[in-house]
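The values are calculated or read from the model by the stated rules, or taken from the named source; none is laboratory data. Computed from a predicted structure; not experimentally measured. Ideal geometry is used to build each Cβ from the backbone, glycine not excepted, and the neighbour counts take in all protein chains shown.
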Amino acid sequence: MRGISVPFREQAEFWRRKVNVPTASWRDLQRGDHAHGFMVAGAARLDLLDDLRKAVDKAILDGGTIADFRRNFDAIVARTGWQYQGGRNWRTRIIYTTNVRSAYMAGRWAQIQAIKHRRPFLQYVHNDSVRHPRPEHQSWNGKVLSVDDPWWSTHFPPNGYGCQCTVTTLARRDLDRMGMDGPDAAPTATDDADGLDPGFDYNVGVAASSVPAALRFGQKVMQLPPPWRTQALDDAQRRAADTFADWAIVLRRALTSPATTPLQRPVGFLRPAVVQALTDLPASAVLLADDLALRATAPDLLEALPAWLAAPDTQVWQAPPGSALIFVRRLANGSLVRIRFANSVQGYQLQGAEQIDAATLRRAGYVRLNGES
């Protein structure tokens with residue numbers, strides 16, 4: 001398989017946000033988890049997983065070929081002594097194609113959403129160059145459905161290991177030229193898994209921007225063995241700038257949204273040292289804020305919120321009797337910003353943020369958990 005050239009912006013953004021997650025089995029992350037976490041089944045060592053991630057980085061971000069990836073893979077195996085399952089060519093093909101295709105299609109979905117007001121239809125396109133085509137995928141070739149048809153929630157490519165299927169966007173005039181009065185009916189039921197490899201019955205682009213998917217990923221991280229959880233959370237802190245690169249856009253939508261039901265927004269990840277200090281672990285490693293809490297907070301205290309939460313010089317305290325986390329950030333003028341999170345069934349939720357002075361912080365009786373002085 002040739003490389004897919006230098007990535008477009010949405011593809012690169014999707015890939016850079018993914019957090020390295022140590023695993024023992026391919027079952028450790030499922031479906032939408034893969035939109036938020038990078039894993040290689042059986043790669044649990046920090047150095048090994050990081051090296052494999054860098055090799056896939058080169059494939060996706062630099063447009064490297066599978067031959068390039070295999071050279072890097074061989075060097076990693078020789079250096080680390082990793083004993084992996086399966087033959088070398090099969091294993092490298094799975095790692096390379098699954099990650100490259102998923103990142104590409106996640107980026108395409110983001111582009112599709114941006115233009116669907118002008119091109120509201122998608123046509124399924126089977127790649128006839130594959131050596132062992134799946135009959136189901138061939139039968140879907142040429143089908144035209146609305147972008148918002150529920151069928152795409154489970155059948156948006158890739159739909160299996162090695163799947164090279166894609167989609168093409170269409171406008172109403174394209175359907176007119178094709179002699180179509182409207183889109184086709186979905187070729188199968190949404191939950192019909194025929195033709196879908198296990199774990200591929202989801203839309204990677206939808207999952208990438210889905211808060212429920214992010215929460216489930218955060219839950220998976222909290223369920224990892226403590227050493228693996230620490231590795232994943234460390235990597236999440238390192239990738240905060242990429243994960244929340246679009247925070248200004250997200251915040252603007254939250255502050256101006258007319259929705260009566262407040263939407264949840266991920267704003268950060270718990271730090272490993274904080275998790276280790278907690279006696280009652282939260283349901284998810286993801287820090288959340290809903291629109292109501294954001295609107296109730298001064299906008300100037302929100303503009304850098306994800307960056308502040310991830311910064312090592314932001315102190316983390318616990319409020320007695322231990323149900324709330326307090327992040328304290330010192331500003332350039334010497335004043336302090338207190339950011340309050342309360343534990344809930346979903347995880348830690350933003351309660352608000354305000355400027356305070358040092359005396360107020362001392363009187364609060366908080367217990368310090370983490371953060372540089």
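Table for the structure above
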{"read-out": "Test: ARG368 is touching a Phe, Trp or Tyr at 6+ places or on another chain (Cβ under 8 Å), surrounded by fewer than 18 Cβ atoms within 10 Å (Cβ to Cβ) and among the charged types (D, E, K, R)", "value": "yes"}
{"read-out": "Residue count, region 77-126 (criterion: hydrophobic (A, V, I, L, M, F, W, C), under 30 Å from LEU145 (Cα atoms) and surrounded by fewer than 22 Cβ atoms within 10 Å (Cβ to Cβ))", "value": "6"}
{"read-out": "Enumeration of residues in region 168-184 that are touching a Leu at 6+ places or on another chain (Cβ under 9 Å) and either without any contact (Cβ under 8 Å) to a residue 24 or more places away in the chain or not hydrophobic (A, V, I, L, M, F, W, C) (or both)", "value": "THR168, THR169, ASP181, GLY182, PRO183, ASP184"}
{"read-out": "Positions within region 128-156 being surrounded by 15 or more Cβ atoms within 10 Å (Cβ to Cβ), more than 17 Å from ASP194 (Cβ to Cβ) and of a type outside the set (A, V, I, L, M), in sequence order", "value": "SER146, ASP149"}
{"read-out": "Residue in region 225-233 that is of a type in the set (Val, Ile, Thr), surrounded by 14 or more Cβ atoms within 10 Å (Cβ to Cβ), more than 16 Å from the chain's Cα centre (by Cα) and outside any helix (DSSP H, G or I) present", "value": "no"}
{"read-out": "Residue list for region 26-50, filter: more than 30 Å from TRP152 (Cα to Cα), touching a helix residue (DSSP H, G or I) at 6+ places or on another chain (Cβ under 7 Å) and buried (at least 21 other Cβ atoms within 10 Å of the Cβ)", "value": "ALA43"}
{"read-out": "Lone unmet requirement of (1) part of a loop (DSSP other than H, G, I, E, B); (2) within 23 Å of GLN113 (Cα to Cα) for PRO212", "value": "(1)"}
{"read-out": "Complete set of residues in region 24-33 that are touching a residue at least 60 places away in the same chain (Cβ under 8 Å) and either assigned to a helix (DSSP H, G or I) or over 12 Å from PHE217 (Cα atoms) (or both)", "value": "TRP26, ASP28, ARG31, GLY32, ASP33"}
{"read-out": "Hits in region 282-303 (condition: surrounded by 15 or more Cβ atoms within 10 Å (Cβ to Cβ) and of a type in the set (A, V, I, L, M))", "value": "ALA283, ALA285, VAL286, LEU287, LEU288, ALA289, ALA293, LEU294, LEU301, LEU302"}
{"read-out": "Test: residue in region 140-161 that is among the β-branched types (Val, Ile, Thr), modelled with pLDDT of 95 or more and outside any strand (DSSP E or B)", "value": "yes"}
